[in-house]
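Colleague: Sharing a structure, written as structure tokens. Questions coming.
The values are calculated or read from the model by the stated rules, or taken from the named source; none is laboratory data. Bear in mind the structure is a predicted one, so any value in this text is a computation, not a measurement. With ideal geometry, Cβ positions are generated from the backbone for all residues, glycine too; neighbour counts draw on all protein chains shown.
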């Protein structure tokens, strides 16, 4: 069996409900295979990949679909909207899809608020993207406007100017062979592609170019 652990934010002692995909008989028969301290729901994460992808000859295997979804959530962060789209692509009946989404939310496998804050931190601090670009990317992932607004609230103009200037100073070091006009043009394009406003781009470029002397 493939040994897959819990999602990092889930406390196994807080989530003890029995997975809908495991019947009472199966739970009894397989109890000796389940590591001590692991909830019954997590046993779906100990299933071989071939079993997870299996679809019954009679049609869609909802138990296998549920297991596949849990493995998918274990490997990557998804929004509720993205999970709904994925289930639709698998031709899951609407009622069953809604039930699976609700279960994942209840067990904290799906949490759009947490995802929104994590994305803002990652895109702003690590990738240097502007507030406007971050908002657009979160919208594309189907996160609600209210959650997006709350998550980006901490980003202000001073933060954006600081980050844009930091990026520009780092970038201008690569332009040592270029004259100021060419270097400035490239810096403007570099920062604009990250969604920074014109005022911030101009201020950041000025600071970066002054650092060359």
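Colleague: Of the numbered conditions (1) part of a helix (DSSP H, G or I); (2) more than 12 Å from the chain's Cα centre (by Cα); (3) modelled with pLDDT under 95, residue 121 fails exactly one; give the number of that condition.
Modeller: (2)
Colleague: Another one. Quickly run through segment 86-97 and pick out the residues that are surrounded by fewer than 15 Cβ atoms within 10 Å (Cβ to Cβ) and either at pLDDT 95 or above or closer than 23 Å to residue 138 by Cβ (or both).
Modeller: Of everything in segment 86-97, those that are surrounded by fewer than 15 Cβ atoms within 10 Å (Cβ to Cβ) and either at pLDDT 95 or above or closer than 23 Å to residue 138 by Cβ (or both) turn out to be 88, 89.
Colleague: Okay, next question. Considering every residue within segment 141-156, establish whether at least one is surrounded by fewer than 16 Cβ atoms within 10 Å (Cβ to Cβ) and touching a helix residue (DSSP H, G or I) at 6+ places or on another chain (Cβ under 7 Å).
Modeller: yes
Colleague: Moving to a separate point now. Take segment 74-85 and flag every residue that is assigned to a helix (DSSP H, G or I) and either surrounded by fewer than 17 Cβ atoms within 10 Å (Cβ to Cβ) or in contact with a strand residue (DSSP E or B) (Cβ under 8 Å, 6 or more places away or on another chain) (or both).
Modeller: 75, 81, 85, listed by residue number.
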